[in-house]
1. Please list VAL210, VAL53 from largest to smallest accessible area, probe radius 1.4 Å, with all protein chains kept in place.
2. Quick check: residue separation of ARG42 and SER61 times 0.36 nm, minus the Cα distance between them. What number comes out in nm?
3. So which lysines can LYS204 reach, going by Cα to Cα under 18 Å and dropping same-chain residues fewer than 8 places off?
4. Please work out the FRET efficiency for the pair VAL133 and LYS10, using the Cβ-Cβ distance as r and a Förster radius of 45 Å; give the result to the nearest 0.05.
5. Compare GLU59, GLU216, GLU182, GLU129 by solvent-accessible area with a 1.4 Å probe and give them largest first, with all protein chains kept in place.
6. At a probe radius of 1.4 Å, what is the per-residue accessible area of ASP176, in Å² to the nearest 10?
7. Local charge sum around SER80 (other residues, Cβ-Cβ under 10 Å, Lys/Arg +1, Asp/Glu -1)?
8. Quick check: with the 1.4 Å probe, what order do LEU18, LEU175 take by accessible area, largest first?
Amino acid sequence: MAHTSGVVRKVLITVGTLFAASIAILAIWVFFGRQVSLFIDRFGTIETASAKVHSIAYEGSGTGGWLTIDDVHLSVGDTSADIALSIGSTKDNQVALASGGKIFAFGPPTSTMENAPDYLAAGPQSGDEASLVTRHSVLSWPTPFEFNFMTGHSPSWKRHMYYQLRWRKSSAATLDMLWRYEQFFYGQQLVPGDGWGTGFTVHKGTTGLVRVDIKE
């Protein structure tokens, strides 16, 4: 009888420990999922698309503004604290990006707008290799406490979404730019396909342009 009681006690302790551990893991996932996801993303993300770049356009005053890569609009105003960049025209009439004391020239302007002097556009030159790669986090996290009072529809999950611009000139100069945003999961009832929204949103301190690397 005593032996049986001891076995039952061990089983109850084991079950209780596993239950407490499960609750702790769930709490970490809910309240710190964003940070855990960011940490895991350092080691790898999941590629979902890779497309050749045909055009790039800038709208802004030289700092801040937007880059439109084909049909994808990405902000260059929301950046990490240690990223400073500017976009404009060089003396030899090249649309270029400058950051960290280095300059990367996309090419001569392909179009301008008379009524929009802050608009510049260019495209890959002969011998250039330019692509835009889309990725997302390995780990998504639940959002049980979010509610949209305007629409009544709130995401049940979130994950990070990445856009990476890779541009290599025939001269071997390279540009690597990385943006991070948050993507919402609404379910297949609201979003056809896999339930993940086609757009993205920002979260202060963790999203926006997170890397600019120029090698001349």
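The values are calculated or read from the model by the stated rules, or taken from the named source; none is laboratory data. Since we're looking at a predicted model, the values are computed, not measured. Every residue, glycine among them, receives a Cβ derived from its backbone with ideal geometry; neighbour counts consider all protein chains shown. The protein model used for the area step is the full one, side chains on, heavy atoms only, and it has no ligands, DNA or RNA in it. Shrake-Rupley method; radii C 1.70, N 1.55, O 1.52, S 1.80 Å.
1. VAL210, VAL53
2. 3.6 nm
3. Here the lysines satisfying the reach criterion relative to LYS204 are LYS158.
4. Numbers: r = 52 Å, r/R0 = 1.16.
Calculated value: 0.30.
5. GLU216, GLU129, GLU59, GLU182
6. 30 Å²
7. Values: positive: ARG180, ARG211; negative: ASP78, ASP82.
After counting each charged neighbour, the total is 0.
8. Details: LEU18 110, LEU175 5 Å².
Descending order: LEU18, LEU175.
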